[in-house]
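Here the structure comes first, spelled out in structure tokens, and everything after it is commentary.
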Amino acid sequence: MSSGGNDNAGAARRWRESIMQTYGTPPLELVSGSGCEVTDVEGHTYLDLLGGIAVNVLGHAHPAVTRAVSEQIATLGHVSNFYSHEPELRLAERLLTLIGVPESGRVFFCNSGSEANEAAFKIARRTGRPGVVAASEGFHGRTMGALALTGQPAKREPFEPLPTGVEHVPFGDTAALEAAVNEDTAAIVLEPVQGEAGIVIPPEGYLRAAREIADRAGALLVLDEVQTGIGRTGHWFAFQREGVLPDVLTLAKGLGGGLPLGACIGIGEAAAMLNPGQHATTFGGNPVCCAAALAVLDTIESEQLLRHGTGLGEELVTMIERLGHPLVGEVRGAGMLIAVELNEKLASVVVETARQRGYLLNPVRPDAVRLAPPLVLERQQAQRFVRDLGEVLSEALSMST
Ligand code: PLP
């Protein structure tokens, strides 16, 4: 598959010269993908257990998505948000029905998770209250407003001053949340399961408590489901695990199945807090992206992927635990969002060793590896990975000693 000497080393050199260096140099140049596998420029195939960071819920080149995208681009590719169109309207109705608010919800479509959270932040500001309470280590994106919500100092500090008024409290700690929220609080902003912090699952009842605390203070509850939404944790939305309903819900990642699409959904009063002219984005609700999203939702339903993902996610956790490997600490997961905690800061070494054996993962923390595979991952693929993982871990461990 190697084409004209364009190997990975050459690609990395070209990349360094042409792409702004905001990421580490990527180890691979990928050329194609099918199902849960991707192939690099040298013809090596990898099992993609990261799924474009929780994006490719249907894997790569799923026929339903490619068909929907091809048909839509050949019909109506872009109209700007001065006009509406069928895919956008159908998708909005579909999402509101899945959330259970077909009458009282309204959707603002955008292009990414950060943008969805910017819209949520603006809704919070429209309450007229100055404060927002979010969670330490929470991640909500890299644009300035989303970064202000993000509770990771290393990502925030190089860009200060950020928009003000955001206080961060320990995630999962109901008492700390209660103590921080008062009559100046416009919104509580939380991920139902913290993704970038290392797949941190709060104690049962935390979201219900957050809902009650927000209600008592007259504040909005904003749930950022950019990473957890669209079936990732085994439900359409992770908030459904606790039976709560947010005032604002943000989505992206899996929604477009690989096309850039985000959504900020206001429910009840929050649905009407941005007035005409107060917010917009040129590509928001692009017909092709909306058509892809409809195909994603249809396929999750028709292939029963919520059930498949929950079952296989739990199996993966059990299989990894059963390895009983000395490098592995806690293995935790919510559906197909899984962290393998390591007893040493070897996540990058494990990821690189796994890559050399044909598996794509990522180091979500120095001591934790993340799996966010497509929901269409097959049992045999998961079993093959776990069979090889023992050796990957041992090799990584031997390299550190
Ligand atoms: N919110 C959460 C929970 C995320 O995990 C992410 C990205 O990882 C974002 C927001 C930012 O999304 P994007 O990278 O699409 O801007």
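The values are calculated or read from the model by the stated rules, or taken from the named source; none is laboratory data. From a predicted model like this one, the values you see are computed outputs, not experimental measurements. Virtual Cβ from ideal backbone geometry, glycine too; neighbours counted across all protein chains shown.
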Identify all residues within the stretch 10-39 that are among the basic types (K, R) and over 24 Å from P158 (Cα atoms); write none if there are none. R13, R14
Which residue, of L28, L49, is at pLDDT below 95 and closer than 25 Å to R384 by Cβ? L28
Across the stretch 156-194, what is the number of residues that are within 30 Å of L337 (Cα to Cα), touching a strand residue (DSSP E or B) at 6+ places or on another chain (Cβ under 6 Å) and of a type in the set (D, E)? 2
Within the stretch 123-143, the count of residues that are more than 14 Å from the ligand (Cβ to nearest atom), outside any helix (DSSP H, G or I) and in contact with a helix residue (DSSP H, G or I) (Cβ under 8 Å, 6 or more places away or on another chain) comes to 2
Just for strands (runs of 3 or more DSSP E) wholly inside the stretch 324-393: which have at least 3 residues that are over 26 Å from G35 (Cβ atoms)? 328-334
Would a scan of the stretch 224-233 turn up a residue that is within 13 Å of the ligand (Cβ to nearest atom), β-branched (V, I, T), farther than 19 Å from V101 by Cα and out of contact with any helix residue (DSSP H, G or I) (no Cβ under 9 Å at 6 or more places or on another chain)? no
Keeping to the stretch 123-179, report how many residues are in contact with a Cys (Cβ under 9 Å, 6 or more places away or on another chain) and of a type in the set (S, T, N, Q). 0
Within the stretch 53-69, does at least one residue satisfy the condition of being within 16 Å of the ligand (Cβ to nearest atom), in contact with a Phe, Trp or Tyr (Cβ under 7 Å, 6 or more places away or on another chain) and in contact (Cβ under 8 Å) with a residue 40 or more places away in the chain? no
State all residues of the stretch 263-281 that are under 27 Å from R67 (Cβ atoms) and part of a helix (DSSP H, G or I); if no residue qualifies, say none. none
Those residues of the stretch 98-122 which are under 22 Å from N81 (Cβ atoms), more than 16 Å from the ligand (Cβ to nearest atom) and part of a helix (DSSP H, G or I), in sequence order: I99
The residue from L346, L371, L397, L327 that alone is crowded, with 18+ Cβ neighbours inside 10 Å and within 21 Å of the chain's Cα centre (by Cα) is L371
Here the residues within the stretch 287-306 that are without any contact (Cβ under 8 Å) to a residue 12 or more places away in the chain and either more than 14 Å from L58 (Cβ to Cβ) or part of a helix (DSSP H, G or I) (or both) are E301, S302
Please tell me if A120 is assigned by the TED database to the domain that holds H235 and in contact with a His (Cβ under 6 Å, 6 or more places away or on another chain). no
List every residue pair whose Cβ atoms sit under 9 Å apart, with the two residues 6 or more apart in sequence or on different chains, where the first one lies in the stretch 71-95 and is within 20 Å of A280 (Cα to Cα) and at pLDDT below 95 and the second, anywhere, is outside any helix (DSSP H, G or I) and among the β-branched types (V, I, T). S80/T282; N81/T281; N81/T282
Could you say which residue among V57, V31 is more than 16 Å from N362 (Cα to Cα) and more than 20 Å from the chain's Cα centre (by Cα)? V31
Could you pull out every one of the strands (runs of 3 or more DSSP E) wholly within the stretch 144-262 that has 1 or more residues that are touching a residue at least 60 places away in the same chain (Cβ under 8 Å) and under 21 Å from the mean Cα position of the chain (by Cα)? 185-190, 220-224, 248-251
If I filter the stretch 349-362 for residues that are of a type in the set (K, R), farther than 30 Å from F237 by Cβ and in contact with a helix residue (DSSP H, G or I) (Cβ under 9 Å, 6 or more places away or on another chain), do I get at least one hit? yes
Got at least one residue in the stretch 198-209 being outside the structural domain of L337 (by the TED database), of a type in the set (G, A, S), buried (at least 22 other Cβ atoms within 10 Å of the Cβ) and within 16 Å of the ligand (Cβ to nearest atom)? no
Which one of these is in contact with a Phe, Trp or Tyr (Cβ under 6 Å, 6 or more places away or on another chain) and over 21 Å from S104 (Cα atoms): P203, P192, P260? P192
